[in-house]
1. Go through the residues of region 105-113 one by one and say whether even a single one is closer than 18 Å to Leu202 by Cα, of a type outside the set (Phe, Trp, Tyr) and either out of contact with any strand residue (DSSP E or B) (no Cβ under 7 Å at 6 or more places or on another chain) or not assigned by TED's automatic domain parsing to the domain that holds Asn32 (or both).
2. If you check Val127 against the conditions, is it outside any loop (DSSP other than H, G, I, E, B), more than 30 Å from Leu41 (Cβ to Cβ) and among the β-branched types (Val, Ile, Thr)?
3. Considering only region 69-91, how many residues are touching a helix residue (DSSP H, G or I) at 6+ places or on another chain (Cβ under 6 Å) and over 18 Å from Arg304 (Cβ atoms)?
4. Which of the residues spanning region 370-397 are small (Gly, Ala, Ser) and in contact (Cβ under 8 Å) with a residue 12 or more places away in the chain?
5. For region 233-262, what are the residues that are within 19 Å of the chain's Cα centre (by Cα) and either farther than 16 Å from Ile449 by Cβ or assigned to a loop (DSSP other than H, G, I, E, B) (or both)?
6. Count, please, the residues in region 480-499 that happen to be under 13 Å from Asp421 (Cα atoms) and either without any contact (Cβ under 8 Å) to a residue 12 or more places away in the chain or not assigned by TED's automatic domain parsing to the domain that holds Phe432 (or both).
7. Residue under question is Asn365, and the condition is that it be under 26 Å from Ser459 (Cβ atoms) and of a type outside the set (Phe, Trp, Tyr); does it hold?
8. Keeping to region 318-330, report how many residues are under 22 Å from the mean Cα position of the chain (by Cα), of a type outside the set (Asp, Glu) and closer than 18 Å to Asn365 by Cα.
Amino acid sequence: MSNSELHQVTVRPIDEYNQTLVSNVHPANWVNPEPAHCYDLVVIGAGTAGLVVAAGAAGLDLNLKVALIEKHLMGGDCLNVGCVPSKCVIRSSRLVGEMWNAAELGINIPKHIDIDFPAVMARMRRVRAGISHHDSAERFQKLGVDVFLGSGKFASNNTVQVDGKILKFKKAVIATGARAARLTIRGIEEAGYLTNETVFSLIQRPERLAVIGGGPIGCEMAQAFRRLGCEVTLLHQGSHILNKEDADAAKILQQVFKKEGIRLVLNCQLEEVTTVTDGKRLYFSSKGRRDSVTVDEILVGVGRAPNVEKLNLEAVGVEYDQRHGVKVNDYLQTTNRHIYAAGDICMNWKFTHAADAAARIVIKNTLFSPFGLGRSKLSSLVMPWVTYTNPEIAHVGMYEEEAKEKGIDVETIQVPLSSVDRAIADGEESGFVKIHHKKGSDEIIGATIVAAHAGEMISEVTTAIVNKIGLSKLSSVIHPYPTQAEGIKKAADAYRRTLLTPRTKALLGFLTKLS
């Protein structure tokens with residue numbers, strides 16, 4: 001296979017935006033460099049984890065030799081088929097949701113909202129292309145990284161092969177990520193389906209869409225496509241959507257979905273997919289009843305599968321399995337002490353920011369710990385996450401049930417947004433701030449926030465947990481009024497009130513009457 005054939009990658013539709021994207025993150029005319037005699041670090045995979053490791057190592061001003069290998073699109077899922085395109089589509093859909101509720105705010109709009117679906121998707125492609133230069137092969141080359149486009153695999157205990165070239169290394173990092181998990185439903189392969197890897201190539205709106213899976217991806221896309229004019233059926237195995245999330249949070253979102261016209265099929269067992277004259281028909285059973293739905297497209301969002309194939313991991317003694325990926329210890333070191341891993345290939349947290357954080361651990365553990373500068377642990381991370389529905393659901397730390405399972409006695413403070421003035425003024429009262437703290441202490445061990453911009457609010461609680469700032473100190477932080485983040489202060493104030501003695505409460509009551 002020639003160099004030019006090896007590097008041909010197409011992203012559909014083939015328009016000016018996707019041509020710009022590809023020219024940045026997998027240029028067809030790219031010529032792989034001649035390998036250095038030996039690399040301090042060879043990174044396989046140029047998604048978030050791989051990019052951060054490569055850029056971080058090359059930027060240390062230590063004259064390190066760093067190689068980065070990518071077989072498809074630099075930027076990985078986040079740029080190409082994940083965070084960036086999904087949030088662009090969600091932004092457009094959020095505006096529709098605001099228009100649906102405009103009458104409640106005294107604004108009358110036409111009953112028919114003209115949604116230009118091709119324009120929504122074109123905007124997404126334009127934004128993605130505009131961002132792509134950050135992850136481009138050219139940029140990383142200028143950072144001092146040797147960028148190799150092609151499939152990399154281990155050739156021996158200290159070499160990687162790519163595009164017919166052998167790269168010798170001192171340390172290597174596996175950052176090949178994960179892909180959409182496949183479903184084993186009879187007939188679905190023949191009928192065809194979308195995943196997060198193909199849904200953003202749509203240029204025409206599917207009038208009827210079935211979304212399989214009520215996890216974060218399924219929920220985000222179900223709501224977005226419903227607001228953009230699709231008739232959406234969400235099929236989910238669990239008894240409620242987002243079954244790994246706080247149950248109260250999931251209940252609120254489930255009510256929103258029903259209000260917005262999403263058909264929810266819970267406790268669903270999928271049986272078969274057939275192709276019929278007017279679309280694709282899914283047969284399923286729920287609560288003992290067999291039923292079916294006919295749609296134009298099927299979107300599958302049922303989890304991720306690690307990209308462990310064709311790496312020749314057996315040759316270098318790296319243990320892995322098809323479900324959980326590469327096996328690592330708390331230092332992100334594989335069963336080969338010279339090889340590390342980071343990101344979706346080895347972690348339960350499959351988030352861009354988790355991959356970024358893991359990459360920083362790998363940089364320290366591969367390059368600094370040999371000099372006695374200490375090692376960082378994955379278990380030391382405090383990881384927040386967000387489901388970008390409307391309202392958003394954000395979480396950090398432990399859930400109440402999780403804490404109890406670990407033998408931690410907890411108390412929970414919950415502040416409904418209906419008691420937060422800004423949320424009332426915004427007409428966004430369906431939500432809450434819920435904070436778990438150790439019983440008899442103000443130490444925060446976890447929190448869930450349901451709000452329009454919960455993802456912007458959760459970082460305050462994350463900062464408090466990381467820096468061991470308790471609810472007492474959080475109560476003393478002045479929050480601008482009116483903001484929805486005041487709900488966090490209200491929760492902290494509620495804790496402070498539990499510290500008042502009966503005598504102090506009586507005195508405060510007396511002083512209040514005098515005033």
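The values are calculated or read from the model by the stated rules, or taken from the named source; none is laboratory data. Note that the structure is predicted; figures quoted are calculated from it, not measured. Here the Cβ positions follow ideal geometry from the backbone for every residue, glycine too, while neighbour counts run over all protein chains shown.
1. No.
2. Judged against the criteria, Val127 is a match.
3. Going through region 69-91 one residue at a time, the tally reaches 4.
4. Those that are small (Gly, Ala, Ser) and in contact (Cβ under 8 Å) with a residue 12 or more places away in the chain: Ser376, Ser379, Ala394, Gly397.
5. Ile241, Leu242, Asn243, Lys244, Glu245, Asp246
6. Count: 1.
7. The answer is yes for Asn365.
8. Number of matching residues: 3.
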